[in-house]
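The numbers here are math on the coordinates, done by the rules we state, and not lab data. Values in this document were obtained by computation on a predicted structure and should not be read as measured data. When we count neighbours, we look across all protein chains shown, and the Cβ atoms used for this are built from the backbone with ideal geometry, even at glycine.
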Amino acid sequence: MDERPVGIFDSGFGGLTVVKAIADLMPGEDLIYFGDSARYPYGPKPREEVLAFSLEICDYLINAFDVKMIVVACNTASAFALDTIVEKYSVPVVGMIEPGARSLVSAATTDRIGVIGTVGTISSGAYQEMLGAIAPHLEVTCAAMPGFVEFVERGELESDQLLVLAERLLRPILDGNVSSLLLGCTHYPFLARTISKVLGESVTLISSAEETAFSVRQLLFDFNLAAMRSVGSFRAITSGDVDEFRRIGRTLLGLDFSTVTSHRVDR
Ligand code: DGL
């Protein structure tokens, strides 16, 4: 039993899809979310830079809030920094790659599956490696979606421009004839309408937010860290503009973000 908060972070709004799944599953937990909006997107950045940002955020969450667990609600940061974070901190850490791969494999209805993610996630080979280990019989088509994250961060979830980009970038997924597609970036569930418009109804879109929340719950129980209260709190912090975060956050999730505060980072 431990009443300390769970710390969750992403480059911007994407990780809020994971926050929502954790809050649904464990409503008694206090959740602290850090969105690094000042430095998004992480996807095109080199590994060293994403690693440095991730460690800086984990230090902040631990030192300022004494979090009992860290959830790396970003596939790019999970691909580049999870091993180092696990090694460096004594609190349990949950990343996106393993829960993502697991959800995809369990949803597969044919031997062809797909993963879309940022340039960093796809080029790191993290999903290819994980899927090769847990489901070597499945054929995996991976594709990077540069530009998708920027649409979400602007709160632009449906537009002609987005559709044109999606039609171009999703071509390899259509050619791969996949039955299930993992949205391997926490921002992408916000674009599900556009993605499914391009791919059609025969492709099942998988978000790993729920599976990640199950991993969080399992670890909290395993380490005897679950909170005993019935209603927890939520606090969001952004490195970007607070008013902008409130406005876009409300557009994306329909939630009241009036309590968002700011934490400055070096760019
Ligand atoms: N939402 C993140 C991910 O899951 C990062 C997106 C970005 O900043 O490029 O990869």
Please work out whether region 188-267 counts as rounded, prolate or oblate from its C-alpha gyration tensor, where a ≥ b ≥ c are the square roots of the eigenvalues and a/c under 1.5 means rounded, while otherwise a/b larger than b/c means prolate and anything else oblate? oblate
Estimated dipole of region 15-57 in Debye, rounded to 20 [Cβ of Lys and Arg +1, of Asp and Glu -1, Cα centre]: 200 debye
Per-peptide average of other Cβ atoms within 10 Å, ordering 101-109, 230-238 highest first: 101-109, 230-238
³J(HN,Hα) computed for each position of region 211-220 - Karplus, 6.51 cos²θ - 1.76 cosθ + 1.60, integer Hz, glycine/proline x: 5, 5, 4, 5, 5, 4, 4, 4, 5, 4
How high is the relative contact order of region 1-140? Use alpha-carbon pairs under 8 Å, at least six apart in sequence, and give a whole percent. 25 percent
Go through region 78-88 residue by residue and turn each phi into a ³J(HN,Hα) via Karplus (6.51, -1.76, 1.60, θ = phi - 60°); whole Hz please, and just put x for glycine and proline. 5, 5, 9, 10, 4, 4, 5, 5, 4, 5, 7
Calculate for the chain the 222 nm mean residue ellipticity that helices alone would give, adding -39,500 (n - 2.57) per DSSP H run of length 4 or more and normalising by residue count, nearest 500 deg cm²/dmol. -14000 deg cm²/dmol
Contour minus Cα-Cα span, Arg229 to Val86, at 0.36 nm per residue, comes to 48.7 nm
Checking Ile122, Ile206, Ile248 against a Gaussian network model of the chain (alpha-carbon springs below 10 Å), the top fluctuating residue turns out to be Ile248
Based on DSSP, what percent of beta bridges with both residues in region 82-225 are antiparallel, to the nearest 5? 0 percent
Compactness check, region 120-267: C-alpha Rg relative to the 2.2 N^0.38 Å globular estimate gives 1.24
Over region 124-267, calculate the relative contact order: mean separation of alpha carbon pairs under 8 Å at least 6 apart, over the residue count, as a percent. 19 percent
From the square roots a ≥ b ≥ c of the eigenvalues of the alpha-carbon gyration tensor of region 11-66, which class results: rounded (a/c under 1.5), prolate (a/b over b/c), or oblate? oblate
Nitroxide proxy distance, nm - points 7 Å out along Cα→Cβ at Glu49 and Ser106: 3.6 nm
If unit charges are put on Cβ atoms (+1 for Lys and Arg, -1 for Asp and Glu) and the dipole of region 110-264 is taken about its Cα centre, the option from Val149, Ser262, Pro189 lying farthest towards the positive end turns out to be Ser262
For the chain, with only Lys/Arg (+1) and Asp/Glu (-1) charged at the beta-carbon, what is the dipole magnitude about the Cα centre, in debye rounded to 20? 240 debye
Which shape class, rounded, prolate or oblate, goes with region 89-180 when its Cα gyration tensor gives a ≥ b ≥ c as root eigenvalues, a/c under 1.5 marks rounded, and past that a/b bigger than b/c marks prolate? oblate
